[in-house]
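The values are calculated or read from the model by the stated rules, or taken from the named source; none is laboratory data. Just so we're clear, the structure is a prediction, and the values are computed from it rather than from any experiment. Backbone-built Cβ (ideal geometry, glycine too); neighbour counts: all protein chains shown. Surface accessibility is based on the protein's heavy atoms, side chains included, excluding ligands, DNA and RNA. Shrake-Rupley method; radii C 1.70, N 1.55, O 1.52, S 1.80 Å.
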Amino acid sequence: MHVEKNVGESLTGTVLNVPGKTKDGYKARLDLVPYGLKPELHPQIEGNNTTLPAAGCTLTKEEKDKFCETLYNLSVPQGYCSNFSSLVSLKDRKLIGLKSHDYHMLMQQFLPIAIRSIMHPPTRVAITRFCFFFKSICSKEIIVDELDKLQDELCVTLCVLQKHFPPSFFNVTIHLTVHLTREVKLCGPIFFRWMYPFERFMKVIKGHVRNKNTPEGCIAEENVAKETIEFFSQFLKRMDTVGIPPDNHNNCGIHKGVDSSSITDGTPLSAAKSVEVSAELFSKAHFFVLQNTSEVLPYIKRHMEFLEHLHPTKRKAHIEQEHSKTFGHWLRKENSAREGKVYQNSGVSVVATDTHISKEVVTYAKNTYYGVLQEIWVLDYHFKRIPIFMCDWVDNRNGVKRDQLGYTLVELKRLGHKGDPFILASQAQQVFYVTDPLDQKMSIVFKTPPKNYRDTYEDVDEEFSTIVPHNDNILPRIDTLDLQKENDYFRTDCHEGKGQTLSIALCGE
């Protein structure tokens, strides 16, 4: 965990040339001179000016801006990771205040996306391979036979990195990555042993301290009280247990004040059972769900204040009735007016079985469809309620493709399947979309792991459960002849900058 954090800090600090964090500077270039290594990168002294030629890991100002803007504009589901817009300084072109888990998400998910359209191509491939190694080694399911192949791939990756980064970059932290696959063989999957759960729990424990003179006693008393309340809450009806997250999968997000026995467990409707639900019933059901959702309570309060200000002479009963009629439309308008949304919770995907008929031969195959949630409807059968999602689905034939790195790309504006917009809420799997820096029309699909503690092991998302196969095209291929090239560790497409006496100017600075 801390190896990944240190590696991520060294990579971003060097790529963005952050003072005090970069491994590529004047002294690092001087280290190359006595050994005659990479003469194209030696410091060039012209009079009172000293210039450092552009290395493969050097970025121009424009490329740094693109790098930071990509991370700044990230919008992820709530609870997925930190808000990167608060961790990026666009003015200074650097990352600030990242924690261990932030570097974990950066290395495994977002760094390959941030450098996708910038940087020297050989260097970009090497960094991407390094990120994919960490993603593979942290999988929840480890294929032992693939570990040796993954170790070989890592050795090749480190050799390639040595061509494009200075010797000062390869400290003991980079070396420790060589031992990670052996550690997995001896100790098992990493997620059983890393410290993320304990670091999160430390924040909870610190909140238990009321008297700083006796922190141990405060923590002990708080835990005793918490366990006592949790014990009694198990014997009280209509009460949520302490310390256990609510089951959002089986109760449609309806928690307090609702009889859970009247809510469906996600069982699909029978073909013989159909019902025509009027618009009024949908409105009531929709409002019923919103009224009992804690995330929407602040909006309900704001809407009530808005109506009271709009109708100061009306009675409370009239305000409540007007609130019931107009809240749904007001909420949609209010939500659409927001700019710079921090979270992205509307991406969904569903796995469906397609029927293919060719020459009187019928075949069935599973296919994944991607879309954006537009409306949540609840079918009220009086004895049970069934939530369904109305989504805008991307056309699978022309709007979905897969690139050489294994990323799934979708064009969200290319819609299809307009005659079949509904799915059961139990069928949906949450995803989120990141704009592809190479093509602004396309978006890269990222799947989120399940949050429900009752989920079985088989429900773990495949993106987080399988090690990257050696024979798949997910790892960028490197020809052995490419390792022998001697002219691809520096950049020729970058104008050199000049500095003052004893002041070093990197290309693009």
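Solvent-accessible area of region 332-420 (1.4 angstrom probe, protein heavy atoms only): carbon and sulfur portion equals 48 percent.
Could you tell me which GluC sites (Glu not before Pro) in region 298-369 are loop residues by DSSP with no more than 10 other beta carbons within 10 angstrom of their beta carbon?
For GluC sites (Glu not before Pro) across region 298-369 that sit outside H, G, I, E and B with at most 10 neighbouring Cβ atoms in 10 Å, the list reads Glu339, Glu360.
What whole-number value in Å² describes the accessible area per residue of region 151-202 for a 1.4 Å probe?
Values: 2870 Å² over 52 residues.
That works out to 55 Å² for each residue.
Protein heavy-atom accessible surface, 1.4 Å probe, per residue over region 21-69: 51 Å². With a Cα cut-off of under 19 Å and a minimum spacing of 8 residues unless on different chains, the lysine pairs in region 303-375 number 4.
The slack between Thr353 and Glu375, meaning 0.36 nm per residue of separation minus the straight C-alpha distance, is 5.5 nm.
Once fully extended, how much extra length lies between Tyr26 and Arg193, figured as 0.36 nm per residue of separation less the alpha-carbon to alpha-carbon distance?
Numbers: separation 167, 0.36 × 167 = 60.12 nm, distance 3.96 nm.
So the extension gain works out to 56.2 nm.
Residue by residue, region 74-91 carries 3J(HN,Hα) couplings of 5, 10, 10, x, 5, x, 6, 6, 5, 7, 5, 5, 8, 10, 10, 9, 5, 5 Hz when phi is fed to the Karplus relation 6.51 cos²θ - 1.76 cosθ + 1.60 (θ = phi - 60°); x denotes Gly or Pro.
Quick one: length gained pulling Lys441 to Ser100 fully straight, 0.36 nm per residue minus the C-alpha distance? Mind dumping the intermediate values first?
Details: separation 341, 0.36 × 341 = 122.76 nm, distance 3.23 nm.
119.5 nm is the gain from fully extending Lys441 to Ser100.
What the Cβ-Cβ distance of Lys325 and Arg397 gives, at R0 = 51 Å and to the nearest 0.05, is a FRET efficiency of 0.80.
Run the accessible area of region 43-160 with a 1.4 Å probe and give the carbon-and-sulfur part as a rounded percent.
On the way: 2020 of 4370 Å².
Carbon with sulfur: 46 percent of the solvent-accessible area.
Taking amide H as placed 1.01 Å from N in the peptide plane, Gln344 has its amide H under 5 Å from the amide H of Val76, Gln78, each at least 5 places away in sequence or on another chain. Based on protein heavy atoms only, region 297-372 ends up with 76 Å² per residue of surface accessible to a 1.4 Å probe. For the cross-link pairs Lys21/Lys206; Lys301/Lys413; Lys66/Lys447, the ones whose C-alpha atoms lie over 27 Å apart are Lys21/Lys206; Lys301/Lys413.
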